[in-house]
Amino acid sequence: MSPKRRQQPVAWDFSTEPEFAEQLAWMREVVRDELIPLETLELTPHQLRHVLAPVQDEARKRGLWAAHLPPELGGEGFGQVKLGLMHEILGQTAYGPVAFGNNAPDSGNAELIAIGIKTTGREDQRTQWLEPLLAGEIRSAFSMTEPGAGADPTLLSTMAVRDGDEWVINGHKWFTSNGSVADVLVVMAVTNPDVHPYQGSSMILVPAKAPGVDIVRDVSTMEDPVEHFGKFGAHSEVIYRDVRVPYGNLVGNEGDGFRLAQQRLGPGRIHHCMRWLGQSQRAFDMLCERAVSRFTHGSYLAEKQTVQNWVADSYAEMTAARLMTLQAAWKMDQDGAQAARVEIAMIKFYGAQVLFNVIDRAIQVHGSLGFSTDMPLEHMYRAARAARIYDGPDEVHRVTVARQLLKRYSRAEVPTEHVPTRRAAARDKFASLLDDIALEG
Ligand SMILES: Cc1cc2nc3c(=O)[nH]c(=O)nc-3n(C[C@H](O)[C@H](O)[C@H](O)COP(=O)(O)OP(=O)(O)OC[C@H]3O[C@@H](n4cnc5c(N)ncnc54)[C@H](O)[C@@H]3O)c2cc1C
């Protein structure tokens, strides 16, 4: 190969530009020294706001606040790869995304509203909802799932009927995360039952205080089994009874619901997966520290082959999930969410399982200590279980991957690789060459 050829730039590059690497290093420090220690304290929302404020100010100064939106929409315009790398660090603790203005579901909802404004030019939504959301002054929730319609949102029964300049909304939702602390709810409703739900569903902004919005309860879950109401991060059951909001509260155009949901969920899944990797890394660090520290049956756990397998398998799975996720992010940056559909679906179920596996092994290596609340692992495990369900259950993503991949194949009466058939074809193809050799011989 000539020296000139060797100097050609490589097409695949896994490095991080030094300026951004420095920002990531700072984030790592903040998460380790300022945010993770807060987990051990029982803070009221007021106290939390107060202790997070200095980090939030610094994040703003460094241009890292609400980095998910393009600059013209009030964000920093980071692509998915950069955002992914940020989320990997911030996802180590639930306080990370809050401290950097990109916590779910607010980040995704802000994106939705921003896309809607871009489509329709409804600038009043910018001042009323988008700017306060980006500034962290208000909270939002995404209200799509219903007791009777989850994995298949074409079954949604919540209706929004136009009455003059208003929408009248009736329906029953649950698992609306942050519903009981939200100022505004993004409600997915059927606005035209006469066409396919893909064209007949819309998203509408509903102020939480609007008459008829009934936040029935926060559903107790495996992650948080204690009954309470109005807690950040809880998942609410909500009934909408003749709720009236202005027609202009529509996000995007009528019938845009599914298209918007796809746009919202694509980047959201990349961020989820990278946050899961942050959690996995924490669990992995605990696993390894325990392995080299615990002496039993004549040696340290680190010297037992089973534990070595857990270390090696965990690291391999995490590395695979990380590369898959960053590749999906890169593809999204290059070609858009639709082009990266298979990659995004793949990381959703693969990443969720890796998270679960690593935490499970970390608990096992700690024995009873891992099962106890003296370690954060049991809580991480309970939270991780939901990752296989929310944002579409893993099975649905597997269906997407398999369907898309199978489209690349067509039926074959005889398998393409059938050796006798290939042999006959090869004999035909190379007949004259083989004949020449035979003659020479
Ligand atoms: C912690 C958490 C937070 C959430 N936050 C929100 C939120 O903020 N807003 C919101 O709108 N929703 C939210 N959800 C709801 C979430 O999106 C739904 O749980 C999810 O879409 C699955 O719907 P479902 O629970 O009704 O399950 P179902 O639709 O009843 O599905 C049950 C099971 O059936 C199987 N299944 C379903 N379809 C298929 C298929 N095609 N092939 C094979 N198997 C299949 C899967 O195993 C699945 O787990 C949240 C859920 C959780 C757990």
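Failed condition for Lys331, given (1) surrounded by fewer than 22 Cβ atoms within 10 Å (Cβ to Cβ); (2) in contact (Cβ under 8 Å) with a residue 12 or more places away in the chain; (3) within 30 Å of Thr221 (Cα to Cα), with all others met?
(3)
Can you name the condition, by its number, that Glu76 falls short on among (1) at pLDDT below 95; (2) part of a loop (DSSP other than H, G, I, E, B); (3) within 24 Å of Arg282 (Cα to Cα)?
(3)
Taking Thr127 as the residue in question, decide whether it is away from the ligand (no atom under 11 Å from the Cβ) and touching a residue at least 40 places away in the same chain (Cβ under 8 Å).
Answer is no for this residue.
The rows are residues; the columns are (1) surrounded by fewer than 13 Cβ atoms within 10 Å (Cβ to Cβ); (2) touching a Cys at 6+ places or on another chain (Cβ under 8 Å); (3) within 19 Å of Ser314 (Cα to Cα).
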site: Gly351; (1), (2), (3): no, yes, yes
site: Gly370; (1), (2), (3): no, no, yes
site: Thr373; (1), (2), (3): yes, no, no
site: Glu378; (1), (2), (3): no, no, yes
site: Tyr381; (1), (2), (3): no, no, yes
site: Ala387; (1), (2), (3): no, no, yes
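Checking Asn309 against (1) at pLDDT 95 or above; (2) surrounded by 13 or more Cβ atoms within 10 Å (Cβ to Cβ); (3) within 30 Å of Ala345 (Cβ to Cβ), only one condition comes out false. Which one?
(2)
For residues that are of a type in the set (Gly, Ala, Ser) and assigned to a helix (DSSP H, G or I), scanning just the range 235-265, find the one that is nearest to the ligand (Cβ to nearest atom).
Ala261
Let me spell it out: the conditions are (1) more than 10 Å from the ligand (Cβ to nearest atom); (2) crowded, with 22+ Cβ neighbours inside 10 Å, and Met188 meets all of them except one. Which number is the exception?
Going through (1) more than 10 Å from the ligand (Cβ to nearest atom); (2) crowded, with 22+ Cβ neighbours inside 10 Å one by one, Met188 breaks only (1).
Which fully enclosed helices (runs of 4 or more DSSP H) of the range 346-441 have 1 or more residues being out of contact with any helix residue (DSSP H, G or I) (no Cβ under 9 Å at 6 or more places or on another chain) and among the hydroxyl-bearing types (Ser, Thr, Tyr)?
Output list reads 368-371, 419-429, 431-440.
Which residue is farthest from the chain's Cα centre (by Cα), if the candidates are limited to the range 416-441 and must be among the hydroxyl-bearing types (Ser, Thr, Tyr) and exposed (fewer than 10 other Cβ atoms within 10 Å of the Cβ)?
Only one residue tops the list, namely Ser432.
Under the condition of being touching an Asp or Glu at 6+ places or on another chain (Cβ under 8 Å) and among the hydrophobic types (A, V, I, L, M, F, W, C), which residue from the range 156-168 is farthest from the ligand (Cβ to nearest atom)?
Val168
The values are calculated or read from the model by the stated rules, or taken from the named source; none is laboratory data. These figures come from a predicted structure and were not determined experimentally. Counting neighbours? That spans all protein chains shown, and the Cβs are built from the backbone with ideal geometry, glycine included.
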